[in-house]
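The values are calculated or read from the model by the stated rules, or taken from the named source; none is laboratory data. As the structure is a computational prediction, the values presented were derived from the model and not from experiment. Every residue, glycine as well, gets a Cβ built from its backbone with ideal geometry; the counts of neighbours run over all protein chains shown. Just the protein is used for accessible areas: all its heavy atoms, side chains included, with ligands, DNA and RNA removed. Shrake-Rupley method; radii C 1.70, N 1.55, O 1.52, S 1.80 Å.
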Amino acid sequence: MSQGKHLPSILVPHHKNTSNLETVVMPVPDVVKICMSQSIGAPCKPLVAKGDHVKVGQRIGDTDAFVSAPVHSSVSGTVTDIVQSRGGMGGMETLIVIETDKKQEVSEEVQIPHVTNHAEFVKAVRDSGVVGLGGASFPTHIKLNPKNLDECDVLVVNAAECEPYITGDNRMMVEQGQDVLDGMKLIMKYLNLKKGIIGIEENKPEAIENMNNLIQQNGFDDIEVLALQSRYPKGAERVLVYEATGKVMDAGVLPAQLGVILDNVSTVAIIAEFFKTGMPIVRRRITVDGDAVAEPKNVFVPIGTQIADVMEFCGGYKKEPKKIVMGGPMMGRATNSDENVTMKNTGSLLAFGKEAAEVKVETGCINCGRCISACPFKLMPVIFAEAYNRKDVERLQKFNVMQCMGCGSCSYICPARRPLSFVNTLAKGMVKEATSK
């Protein structure tokens, strides 16, 4: 299946250097520090205390808050401390520090779930601790329990992986393609969805071939692969919904409101793993790359591992890293230290030397209009910047700044190297503050 509809997009060099590298398992580090803020919602409260012995898969953090998901231990060992620390994104976070015993004893809590209906399925998915693994970290069990479930009829799986460097989803489909399909069938069964679509960019021919072969071998006539153009940002939620279904998804609208359940491909596969083994999400397949990394790899990493330990497993730094990015270079975030730790949604760790990390000097706008042409929704970043500088909230609203999804296409394409996407984010914050009064 190929697309018939396209939104504006840009060509970004992909640097998929690790696409053919099979995922390797990193040895258990001496210490992990597991963050209690692992979703877009409320942070969890520790369920263990200093001195407690924990095992792999044991629930060590949870909350009664609606938007959240439990956190589990990725290792076996002893809790040596519970600390407040400034995290990689700048905020204060609670970390459970565990000194590992390297035995990786599995917790007695790890049990294969048995479900018979939608409500039990949603509870089981919550028990798995899985959140959106494409980066957003929205608790998956909430996404699978929409208010208008009867109106939902299609599952769209996001396997575009349009960010440069990242290849973890590609390796997921090549190495664990059956888990992807099994996870899709579970979701389709318990949500009564009639069709499944896997959106994969055309620069992943091995993944496309493997998924198509597995679909045929399983006889799944209700699942198909959608070959996407290898352009950015095909993996953005609103872009993929449009190109897979033709439905327009405005800012603030959830896919379910359009009859679509949308999940990341790794999220779907983790659900299948949980239903086969009972093991919650305790590790992530992480792409480690960048010109400062000695040996780029795809690595299974225990959640809570310090970035420095991951880098050491990948041969260390071959040059001084001037910037370490958690996520992709387009929408990821630079972190302030390699002492920060991996999270559920850490899909990649990129380390760049001075030249690659350099931010080019901003110059004056030449009114070329490339930022408008690059925007999937034909927004006008130049007008947003002018209105933001004048604190003109009314003009920002008039030109729909809230439709910006922060993909960074405008900043990337701008010949003047203006930080347009960043200013858009600030402008959206200004509108939110003004309209909340």
- Task: Find all pairs meeting these conditions: Cβ atoms under 9 angstrom apart; at least six residues apart or on different chains; first residue within segment 62-73 and in contact (Cβ under 8 Å) with a residue 24 or more places away in the chain and assigned to a loop (DSSP other than H, G, I, E, B); second residue aromatic (Phe, Trp, Tyr) and open to solvent by 10 Å² or more (accessible area, probe 1.4 Å).
- Result: VAL67/PHE138
- Task: For residues that are assigned to a loop (DSSP other than H, G, I, E, B) and over 31 Å from the mean Cα position of the chain (by Cα), scanning just segment 391-414, find the one that is surrounded by the most Cβ atoms within 10 Å (Cβ to Cβ).
- Result: ASP392
- Neighbours by Cβ (under 6 Å, 6+ apart or cross-chain): first from segment 300-312, polar (S, T, N, Q); second open to solvent by 10 Å² or more (accessible area, probe 1.4 Å) and not in a loop (DSSP other than H, G, I, E, B): GLN306/VAL341
- Query: From the set of residues in segment 86-117 that are among the small types (Gly, Ala, Ser) and surrounded by fewer than 16 Cβ atoms within 10 Å (Cβ to Cβ), which is farthest from VAL325 (Cα to Cα)?
  - Reply: GLY91
- If you take the residues of segment 263-312 that are of a type outside the set (A, V, I, L, M, F, W, C) and assigned to a helix (DSSP H, G or I), which of them is most open to solvent (accessible area, probe 1.4 Å)? GLU312
- Note on the structure: Among (1) under 20 Å from SER409 (Cβ atoms); (2) of a type in the set (Gly, Ala, Ser); (3) crowded, with 17+ Cβ neighbours inside 10 Å, ALA251 falls short only on (3)
- Note on the structure: Checked pairs for segment 371-390, first in a loop (DSSP other than H, G, I, E, B), second among the charged types (D, E, K, R) and open to solvent by less than 70 Å² (accessible area, probe 1.4 Å), C-beta under 9 Å and 6 or more apart or across chains, list as PRO376/ARG238; PHE377/ARG238
- Note on the structure: Flagged in segment 385-414 as under 22 Å from ASP250 (Cβ atoms) and hydrophobic (A, V, I, L, M, F, W, C), in numbering order, are ALA387, VAL393, LEU396, PHE399, VAL401, MET402, CYS404, MET405, CYS407, CYS410
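Out of all the residues in segment 186-202, is one or more farther than 20 Å from ASP221 by Cβ, touching a strand residue (DSSP E or B) at 6+ places or on another chain (Cβ under 8 Å), acidic (Asp, Glu) and at pLDDT 95 or above? Before you say what the answer is, go through the steps one by one.
Applying the first criterion (farther than 20 Å from ASP221 by Cβ) to segment 186-202 yields 201-202.
Still in the list and also touching a strand residue (DSSP E or B) at 6+ places or on another chain (Cβ under 8 Å): 201-202.
Okay, now just the ones that are also acidic (Asp, Glu), so 201-202.
Those left that are additionally at pLDDT 95 or above: 201-202.
Yes, segment 186-202 contains at least one residue that is farther than 20 Å from ASP221 by Cβ, touching a strand residue (DSSP E or B) at 6+ places or on another chain (Cβ under 8 Å), acidic (Asp, Glu) and at pLDDT 95 or above.
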- Filter result (open to solvent by 60 Å² or more (accessible area, probe 1.4 Å), more than 26 Å from TYR232 (Cβ to Cβ) and either touching a residue at least 60 places away in the same chain (Cβ under 8 Å) or assigned to a strand (DSSP E or B) (or both)) within segment 317-337: TYR317, ASN336
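One residue is enough: does segment 89-99 have a residue meeting the conditions in a loop (DSSP other than H, G, I, E, B) and within 20 Å of ILE270 (Cβ to Cβ)? Break it down into steps so the answer makes sense when it comes.
Quick first cut of segment 89-99, residues in a loop (DSSP other than H, G, I, E, B) only: 89-91.
Now narrow it down to the ones that are within 20 Å of ILE270 (Cβ to Cβ): none.
No, every residue in segment 89-99 fails to be in a loop (DSSP other than H, G, I, E, B) and within 20 Å of ILE270 (Cβ to Cβ).
Scan segment 1-30 for residues that are open to solvent by 50 Å² or more (accessible area, probe 1.4 Å) and either among the β-branched types (Val, Ile, Thr) or more than 19 Å from SER348 (Cβ to Cβ) (or both) and jot them down. Give the steps one after another, and end with the answer.
To start, the set of residues in segment 1-30 that are open to solvent by 50 Å² or more (accessible area, probe 1.4 Å) comprises 1-2, 4-6, 11, 13, 15, 17, 20-22, 24-25, 27, 30.
The answer is MET1, SER2, GLY4, LYS5, HIS6, LEU11, VAL24, VAL25, PRO27, ASP30.
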- Item | Index of the failed condition, VAL125 passing every other in (1) open to solvent by less than 20 Å² (accessible area, probe 1.4 Å); (2) in contact (Cβ under 8 Å) with a residue 60 or more places away in the chain; (3) closer than 17 Å to ILE60 by Cβ | (3)
- Item | Pairs with Cβ under 8 Å, 6+ apart, first in segment 240-256 and without any contact (Cβ under 8 Å) to a residue 24 or more places away in the chain and more than 19 Å from ILE198 (Cβ to Cβ), second of a type outside the set (A, V, I, L, M, F, W, C) and open to solvent by 30 Å² or more (accessible area, probe 1.4 Å) | VAL248/TYR242
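Would you confirm, using the coordinates I've provided, whether GLY183 is at positive phi and either crowded, with 20+ Cβ neighbours inside 10 Å or at pLDDT 95 or above (or both)? Quick ask: steps written out before the conclusion?
Values: at positive phi: no; either crowded, with 20+ Cβ neighbours inside 10 Å or at pLDDT 95 or above (or both): yes.
In short, no.
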- Just checking, how many residues over segment 415-437 are buried (at least 17 other Cβ atoms within 10 Å of the Cβ) and acidic (Asp, Glu)? 0
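Has segment 305-326 got any residue that is of a type in the set (Gly, Ala, Ser) and under 30 Å from CYS404 (Cβ atoms)? Walk me through it before giving the result.
Restricting attention to segment 305-326, the residues satisfying the condition of being of a type in the set (Gly, Ala, Ser) are 308, 315-316.
Restricting the remaining residues to those that are under 30 Å from CYS404 (Cβ atoms) gives none.
The answer is no, given that none of the residues of segment 305-326 is of a type in the set (Gly, Ala, Ser) and under 30 Å from CYS404 (Cβ atoms).
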- Which of the residues spanning segment 1-41 are more than 18 Å from the chain's Cα centre (by Cα), among the aliphatic types (A, V, I, L, M) and assigned to a loop (DSSP other than H, G, I, E, B)? MET1, LEU7, LEU11, VAL12, LEU21, MET26, VAL28
- Test: residue in segment 353-373 that is more than 21 Å from LEU95 (Cα to Cα), under 20 Å from the mean Cα position of the chain (by Cα), crowded, with 24+ Cβ neighbours inside 10 Å and modelled with pLDDT of 95 or more: no
